[in-house]
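Below is one structure, written out as structure tokens, with a few remarks after it.
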Amino acid sequence: MARPMGALGVVPTALLRLLITALLKEVGDPRYDRPHDLAPDYDFIIVGGGSAGSVMAARLAEEAGWRVLLLEAGAKQPVESRVPALNFLLFQGDADWNYRSQPQQHALKAYKDNSIPYPRGRGAGGSSSINSMVYVRGNRRDYDQWEQLGNPGWGYNSVLKYFKKSEDFRGGVSQESDGYHGFGGPQTVENKKWNSTVAEAFVKAGQQLGYPEVDPNGPEQIGFSIIDITARNGRRWSTGDGYLRPAALKNTNLHVVLKAHVLKILFDEDKNAVGVSFEQKGKVRTVKALKEVVLSAGAIGSPQLLLLSGVGPADHLHQHGIPVVADVAGVGQNLQDHPAVGGLVWTVGNRPSSVNFLSFFNPKNIHDFIHHAKGFQNNTWTDHITKPN
Ligand SMILES: Cc1cc2nc3c(=O)[nH]c(=O)nc-3n(C[C@H](O)[C@H](O)[C@H](O)COP(=O)(O)OP(=O)(O)OC[C@H]3O[C@@H](n4cnc5c(N)ncnc54)[C@H](O)[C@@H]3O)c2cc1C
């Protein structure tokens, strides 16, 4: 995804950041960043405080007798991440690892070096703090196939109860999707708040083509729908918000250290993971795990850390002078992702209907967002479009 504004966007972006910071009140993170009272060992060490790591930390810390350490390379969630439409401001900044794709021979020809930025979240909440917030669990058949491939407990009927347990659904539930949503869990999910006349027109057009309006997380997923998003009262609700922060505030047995970059997983002679070494403020420290090291550093960070720790294809490790702990084929390979194209403009009638950057500065939109958690699409560019019948 390319940064949409280029150099001209720098000044407005900085202004917008200031404005949002001034207007939105951040909840404090009193138990984060306490490197000074780091213990020499913990029962569990979690590497990475993103979508998965935040949940792991919160759930493990529910066991009062266990001491849990979470090490996260990035900082706390930036305030502008609260505004769903502003996630692109966070790309190529401190909350992003700033990766770039490999140069492509047959693609990305409009980009310098045939390569594009590849955003990955860095900080409390990880990618759930910078992502596009679309809440869709995936298709039942994928889960069932994973189970059939020899992974008991991954079938859809098994995982559905955990989706429901985690969810705090604040949208309408139709009769068909009754039984597919959870209420009161840590992960708030909303819909319809960010609706626009264009989105409604798409759903209506789908119906005219014979497709039903479906709940994207309900029993039937072929159809059209307004998306569900991971938000609470119109603001982003990352796993850092839903799981990590409340757990760190509540549980004295959970120690969260931010800006702690894990360098290596340490193994004993029997190849058990027994600790990690990490770097913070230029100092390398070692900490031991009495039970387990949980690796939740993301689709790029996790295999990278395994390779740096000597777990991966032996040939590849030799090439980089890394002593082999375990010769495991496939580590660091088979990355799958979906490309995204920004900047599409839909024209409805005679005018473009997509978001214009200046809409962010419209005082009415800012007021509506702060006080009514509403998106600007409801009241600016799409005003002229007739609502579908
Ligand atoms: C721009 C963007 C848009 C997206 N949009 C959507 C969407 O709309 N809907 C959807 O379902 N999914 C979306 N995704 C994908 C989704 O956010 C990710 O699949 C999910 O967050 C991955 O969770 P994770 O826990 O595996 O990794 P992450 O959430 O990325 O967490 C990994 C964490 O580990 C930390 N870490 C990495 N290496 C180290 C290290 N060596 N030491 C310490 N910490 C480390 C990172 O800083 C990070 O915080 C999007 C992703 C991006 C980047």
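The values are calculated or read from the model by the stated rules, or taken from the named source; none is laboratory data. All values derive from a computational prediction rather than experimental measurement. So basically every Cβ, Gly included, is an ideal-geometry build from the backbone, and we count neighbours across all protein chains shown.
Out of P246, P216, I need the residue that is of a type outside the set (D, E, K, R), closer than 27 Å to L160 by Cβ and not assigned by TED's automatic domain parsing to the domain that holds G125. Which one?
P216
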In the list L263, L209, L290, L258, which residue meets the criterion of being away from the ligand (no atom under 14 Å from the Cβ), in contact with an Asp or Glu (Cβ under 9 Å, 6 or more places away or on another chain) and of a type in the set (A, V, I, L, M, F, W, C)?
L290
Selected residue (criterion: nearest to the chain's Cα centre (by Cα)) from residues of segment 46-88 that are outside any helix (DSSP H, G or I) and among the basic types (K, R):
K76
Regarding G93, is this residue touching a helix residue (DSSP H, G or I) at 6+ places or on another chain (Cβ under 9 Å) and within 28 Å of L335 (Cβ to Cβ)?
no
I'm checking my understanding of the structure. Among residues of segment 74-83 that are crowded, with 22+ Cβ neighbours inside 10 Å and within 12 Å of the ligand (Cβ to nearest atom), which one is nearest to K291 (Cα to Cα)?
G74
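Suppose we filter S127, S132 for residues that are within 16 Å of the ligand (Cβ to nearest atom), surrounded by fewer than 17 Cβ atoms within 10 Å (Cβ to Cβ) and within 30 Å of A260 (Cβ to Cβ); which single one remains?
None of the others qualify; the one that does is S132.
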Looking for whichever is of a type outside the set (F, W, Y) and without any contact (Cβ under 8 Å) to a residue 12 or more places away in the chain here; the options are D228, D270, D241. Which one fits?
D270
Here is a check on your reading of the model: is G182 modelled with pLDDT of 90 or more and not assigned by TED's automatic domain parsing to the domain that holds V79?
yes
